[in-house]
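Note sheet for the following structure.
Throughout, read-outs are computed from the coordinates displayed, never taken from laboratory work. Treat the numbers as computed from the prediction; the structure is a model and nothing was measured. In this analysis, Cβ positions are derived from the backbone assuming ideal geometry, glycine residues included, and neighbour counts consider all displayed protein chains.
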Amino acid sequence: MNTEKVDVLVIGAGPAGTVAASIVNKAGYKVKIVEKQKFPRFVIGESLLPRCMEALTEAGFLDAVKAKGFQEKFGAKFVKNGKICDYFFADQFTPGWNWTWQVPRGEFDKTLADTVEKMGVPVHYETSVTAIEFNGSDSVTTVEDINGNKSQIEARFIIDGSGYGRVIPKLFNMDKPSNLPPRKAIFTHTVDVNRAMSDEPNRITIVVHKKGVWVWIIPFSNGITSLGFVGNPEFFDQYKGTLDEQLRALIADEPYLSERFKDVEFVFETKVLQSWSSTTEKFYGDGFVLTGNVTEFLDPVFSSGVTLATVSSQMAGNLVVKKLKGEDVDWVKDYTEPMMQGVNTFRSYVTNWYDGTLDTIFFAEDQDAFIKSQICSVLAGYVWDLNNPYVKFHHNALYKLSSMIEYRDSLKKTKVTS
């Protein structure tokens with residue numbers, strides 16, 4: 001069996017894997033990426049957040065992505081029963097990037113992978129990891145290509161950015177159930193011939209369809225728009241027929257969508273994704289670190305997936321470089337705790353989205369501009385800014401704000417009726 005030696009083996013060629021690989025490669029270490037699928041391939045997570053831009057910049061990917069002409073994104077719009085709440089990233093509390101992109105992930109991910117290959121990092125597609133043996137921090141990984149050929153890769157360290165594949169957690173029984181309820185998404189890409197009916201395409205639109213059920217509308221620069229419904233699995237049981245027929249019935253039932261997307265062409269057959277939330281018992285071990293969706297995937301509602309993927313890989317890549325240099329690395333303080341800060345902040349917002357707390361805040365009248373700017377920073381992905389009270393106190397700040405708004409509005413109603 002052929003054996004190859006590298007400093008770092010990266011599992012997965014998505015944003016998590018390529019960002020980490022680039023950072024380690026730029027530090028002068030030999031890196032290799034193995035990827036189970038053939039690129040380009042479809043994946044959700046098409047609306048990026050501004051915090052991603054810092055990771056893409058450090059990885060050296062920004063120019064290549066700009067050259068693709070993807071749709072620029074300047075904020076997020078929330079819609080419910082005719083009410084609209086716009087968040088523009090230019091108004092955010094935290095200093096940083098105030099724009100990003102909306103991207104077909106197949107093309108976006110392929111761009112990052114192609115760019116890291118040009119930097120000198122080989123990417124082996126259609127190659128699966130079948131076994132890993134650790135000897136301290138050193139490892140021997142057995143991989144198998146699409147033709148059944150097996151080989152081994154000796155590495156000083158492994159970065160697992162395998163996303164939903166969750167390679168190391170599955171091989172070493174590290175998976176844990178998420179504490180988020182199971183949810184289901186039904187979605188497709190549409191030929192958006194009626195886009196002129198909207199005020200897009202410069203931001204994502206999220207529509208509250210019913211309590212606990214929402215819609216994403218993500219326009220791309222090529223005239224295609226990603227459209228999907230998300231909710232409890234039981235909600236979708238009332239819709240019969242093929243998946244395409246179910247989605248068209250859902251569109252017809254939502255007034256914000258019914259005219260614009262009536263009878264539009266679907267680019268591919270409607271897809272389903274469900275029970276996606278997952279986590280693991282630890283984010284690192286002797287000789288490996290987990291990044292991106294391998295650590296934890298929450299929910300698509302606030303587009304946190306690619307942000308957590310790129311930022312975790314940015315952190316992990318730099319820590320692996322320190323480790324290879326012989327410097328001490330505190331994986332709890334320098335990696336696990338910061339990542340859990342980000343994950344838990346997003347988790348609070350996801351929970352408060354589904355329980356209706358954020359409905360009260362987003363669609364309130366006479367919103368406080370300063371508070372709105374602080375919440376906007378979270379929606380921009382700046383979930384590590386502890387100067388922001390809606391980050392630092394994420395576990396209860398939204399509940400308190402919602403209660404204050406409800407109390408204020410109740411006083412207004414009392415005055416009107418008295």
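Relative to the Cα centre, what is the charge dipole magnitude of the chain, using +1 at the beta carbon of each Lys and Arg, -1 at the beta carbon of each Asp and Glu, and rounding to the nearest 20 debye?
Taking the Cα centre of the chain as origin, the dipole is about 460 debye.
Pull out a ≥ b ≥ c, the square roots of the eigenvalues of the alpha-carbon gyration tensor of region 40-116, then state rounded if a/c is under 1.5, prolate if not and a/b is larger than b/c, and oblate in the remaining case.
oblate
Count charges around Arg105 for me, please; just the other residues with Cβ under 15 Å from its Cβ, Lys/Arg as +1, Asp/Glu as -1.
Spelling it out: positives minus negatives among the neighbours equals +1.
Taking the number of other C-beta atoms within 10 Å as the exposure measure, put Ser373, Ser198, Ser226, Ser312 in order starting with the fewest.
Going from sparsest to densest Cβ surroundings: Ser198, Ser373, Ser226, Ser312.
For Ser198, enumerate residues with amide H under 5 Å from its amide H, sequence gap 5+ or separate chain, H modeled in the peptide plane.
none
Within the chain, what's the longest stretch lacking GluC sites (Glu not before Pro) that sit in DSSP loops with no more than 15 other Cβ atoms inside 10 Å?
The answer is 127-258.
Where is the GNM fluctuation largest for the chain (alpha-carbon springs, 10 angstrom cutoff): Asp253, Asp385, Asp160?
Checking each option, the largest mean-square fluctuation is seen for Asp253.
Of the listed values [x] 22.0, 85; [y] 22.5, 75; [z] 22.6, 69, grab the one calculated as Rg and Dmax of the Cα atoms in Å from the structure here.
Here the calculated entry is [x].
For region 246-395, what is the relative contact order in percent, using Cα pairs closer than 8 Å and at least 6 residues apart in sequence?
So the answer I get is 16 percent.
For region 304-340, which trypsin sites (Lys or Arg not before Pro) are both in a DSSP coil and crowded by at most 13 other Cβ atoms within 10 Å?
Taking region 304-340 and a limit of 13 other Cβ atoms within 10 Å, the loop trypsin sites (Lys or Arg not before Pro) found are Lys325.
Compare Thr310, Thr351, Thr100 in a GNM of the chain, Cα atoms joined below 10 Å, and give the one with the largest fluctuation.
Highest fluctuation of the listed residues: Thr351.
Please go through the residue pairs Lys211/Lys413; Lys32/Lys325; Lys77/Lys211; Lys333/Lys372 and name each one whose alpha carbons sit more than 20 Å apart in this structure.
Pairs exceeding the cut-off: Lys211/Lys413; Lys333/Lys372.
Sort region 236-392 into rounded, prolate or oblate with this rule: let a ≥ b ≥ c be the square roots of the eigenvalues of the Cα gyration tensor; rounded if a/c is under 1.5, and if a/c is not under 1.5, prolate when a/b is larger than b/c, oblate otherwise.
Judged from the Cα gyration tensor, region 236-392 comes out oblate (a/c at least 1.5, b/c at or above a/b).
State whether region 344-406 is rounded, prolate or oblate according to the following rule on the C-alpha gyration tensor (a ≥ b ≥ c being the square roots of its eigenvalues): a/c under 1.5 gives rounded; otherwise a/b larger than b/c gives prolate, and the remaining case gives oblate.
oblate
Before rounding to the nearest 500, sum -39500 (n - 2.57) across all DSSP H runs of length at least 4 in the chain and divide by the residue total; then give [θ] at 222 nm in deg cm²/dmol.
Taken over the chain, the calculation gives -10500 deg cm²/dmol.
Excluding Gly12 itself, calculate the net charge of residues whose Cβ lies under 14 Å from the Cβ of Gly12, where each Lys or Arg counts +1 and each Asp or Glu counts -1.
+4
Give me log10 I(q)/I(0) at q = 0.31, 0.32 Å⁻¹ for region 155-209, Debye formula, one equal scatterer per alpha-carbon, no solvent.
Log10 of I(q)/I(0), two decimals: -1.33, -1.33.
Please list, or write none, the lysines whose alpha carbon is within less than 17 Å of the alpha carbon of Lys176, excluding same-chain residues fewer than 8 places away.
The qualifying lysines are Lys282.
Could you work out the relative contact order of region 1-131, using alpha carbon pairs under 8 angstrom and six or more residues apart, expressed as a whole percent?
37 percent
Give the residue from Leu250, Leu319, Ser402 lying farthest towards the positive end of the charge dipole for the chain; charges sit on Cβ (+1 for Lys and Arg, -1 for Asp and Glu) and the dipole is referred to the Cα centre.
Checking the options against the dipole of the chain, the answer is Ser402.
Give me the dipole magnitude in Debye, nearest 20, for region 99-252 about the Cα centre, with unit charges on the beta carbon: positive for Lys and Arg, negative for Asp and Glu.
Once rounded to the nearest 20, the dipole reads 620 debye.
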